[in-house]
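Undergrad: First the structure, which I've put down as structure tokens, then a few questions once you've had a look.
Please treat every number below as a calculation from the coordinates, not as lab data. All values derive from a computational prediction rather than experimental measurement. When we count neighbours, we look across all protein chains shown, and the Cβ atoms used for this are built from the backbone with ideal geometry, even at glycine.
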Amino acid sequence: MKTLDQFLAEKREITIHTLASYIRQFIYEQSPLVLQENQEKLMATFKRAGEYAYGMYSHILFQSLQTQLKETGFMTEPEFPGHFATASIEYWGPPEERERCLWCVVRMAEGVTLGTLVTRVFHDHTQFRIPHAPGVMTLAETETPAIIKALSHASIRLSGIAQEDVVPEFPVAVLERPAWQYSVEVGLADCIDSHKIEICEGMLDHALALWGHYGWELVSAIPHQGRLIAIFKRPAR
């Protein structure tokens, strides 16, 4: 594919949306290759160190893109796609398809702030599996509290979904489990927006259908400190 420098040379204007467009194309082309070429190493890392394997996957996937951003004069804080400990949150989805949002603020070399890039990374907590390729969206907010507040609205996250190809899944060994499995989500209230009440039903349907796709049944929903704690269960597999 074209380098970032070549891609930008064809554009009349460079905005945060321009960068996001290139990154989406980069992910579309590179993520299946990275997964295929590093499959054995990533699976072995997951067995040894758990979710550290997903950080390794992100590092391998985005390393060349980080270099291109620097070479073309962009400054990101923190380094693209974001720091797992200080510039990311993970509230949403069942264990088999958990969503983590990482972010970085993008500035031009002369100091002009373009906005924030948010990378939505999907991963499985029960085995090493990337359910589908990462997505990229943009935010006008550049301060951490404002970014977290924006990402806490499902309508904003879902509006940034790019149509990414599904990447390969890995086989998983069947393990002995108890009669029932339980899991909790704390991000369900993000689907309820008092300013957009007419679309709340659709957003709740989307969130619950994702759990249902993997066989989870909603047991209870408990309000707590402004959040809605949803409890799910399913028969053990």
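Undergrad: By average Cβ neighbour count within 10 Å, what is the ranking of 82-89, 182-189, 97-104 from highest down? Walk me through the numbers before you get to the answer.
TA: Numbers: 82-89: 16.0, 182-189: 18.4, 97-104: 22.2.
Per-residue Cβ counts within 10 Å, averaged per peptide and sorted highest first, yield 97-104, 182-189, 82-89.
Undergrad: Classify the stretch 180-235: rounded, prolate or oblate, from the alpha-carbon gyration tensor (a ≥ b ≥ c, eigenvalue square roots; a/c under 1.5 rounded; otherwise prolate if a/b is larger than b/c)?
TA: Numbers: a/c = 3.43, a/b = 1.51, b/c = 2.27.
Verdict is oblate for the stretch 180-235.
Undergrad: Ok, one more. Per 0.36 nm of contour for each residue apart, how much would the distance between T126 and A85 grow if the chain were fully extended, relative to their Cα-Cα spacing? Can you show the working numbers first?
TA: Working: separation 41, 0.36 × 41 = 14.76 nm, distance 2.08 nm.
Contour length minus Cα-Cα distance gives 12.7 nm.
Undergrad: OK, next. Name the long-range amide H neighbours of R129: under 5 Å, sequence gap of 5 or more, or other chain; modelled H, no Pro or chain starts.
TA: D124
Undergrad: Karplus couplings for the stretch 149-157 from phi (6.51 cos²θ - 1.76 cosθ + 1.60, θ = phi - 60°), rounded to Hz, Gly and Pro as x?
TA: Values, residue by residue: 4, 5, 5, 6, 9, 4, 4, 6, 5 Hz.
Undergrad: With viscosity set to 0.890 mPa s at 25 °C, what whole-number translational diffusion coefficient in µm²/s follows for the stretch 83-149 from Stokes-Einstein and a Kirkwood radius over Cα pairs?
TA: Working: Rh = 12.9 Å.
The diffusion coefficient I find is 190 µm²/s.
Undergrad: Taking 8 Å as the Cα distance limit and 6 or more residues as the minimum spacing, I'd like the relative contact order of the stretch 4-159 as a percentage.
TA: Numbers: 217 pairs, mean separation 30.1, N = 156.
Here the relative contact order equals 19 percent.
Undergrad: Roughly how many debye, to the nearest 20, is the charge dipole of the chain about its Cα centre, given +1 on each Lys and Arg Cβ, -1 on each Asp and Glu Cβ, and no other charges? Display every interim value, and only then the final one.
TA: Values: 21 positive and 29 negative charges, 79 e Å.
My answer is approximately 380 debye.
Undergrad: What order, most packed first, do the peptides 2-10, 217-225 have when packing is the mean number of other Cβ atoms within 10 Å of each residue?
TA: Details: 2-10: 13.4, 217-225: 10.8.
For the peptides 2-10, 217-225, the packing ranking is 2-10, 217-225.
Undergrad: On to the next question. Using per-residue counts of other Cβ atoms within 10 Å, averaged over each peptide, order 61-67, 134-140, 194-200 from highest down. Display every interim value, and only then the final one.
TA: On the way: 61-67: 16.4, 134-140: 20.4, 194-200: 9.6.
So the order, starting with the most tightly packed, is 134-140, 61-67, 194-200.
Undergrad: So I have [x] -0.87, -1.19, -1.27; [y] -0.85, -1.35, -1.46; [z] -0.74, -1.30, -1.46, and one of them is log10 I(q)/I(0) by the Debye sum over Cα atoms at q = 0.13, 0.17, 0.18 Å⁻¹ calculated from this model. Which one is it?
TA: Read-out taken from this structure: [y].
Undergrad: Moving on. Using alpha carbons only, how many degrees (0 to 90, rounded to 10) separate the axis of helix 52-71 from the longest principal axis of the chain?
TA: For 52-71 against the chain, the angle is about 20 degrees.
Undergrad: Rounded to the nearest 500, what is the chain's calculated 222 nm mean residue ellipticity when only DSSP H runs of at least 4 contribute -39500 (n - 2.57) each, over all residues? Present the calculation step by step, with values, prior to reporting the outcome.
TA: Numbers: 7 runs with 87 residues, N = 237.
Computed mean residue ellipticity for the chain: -11500 deg cm²/dmol.
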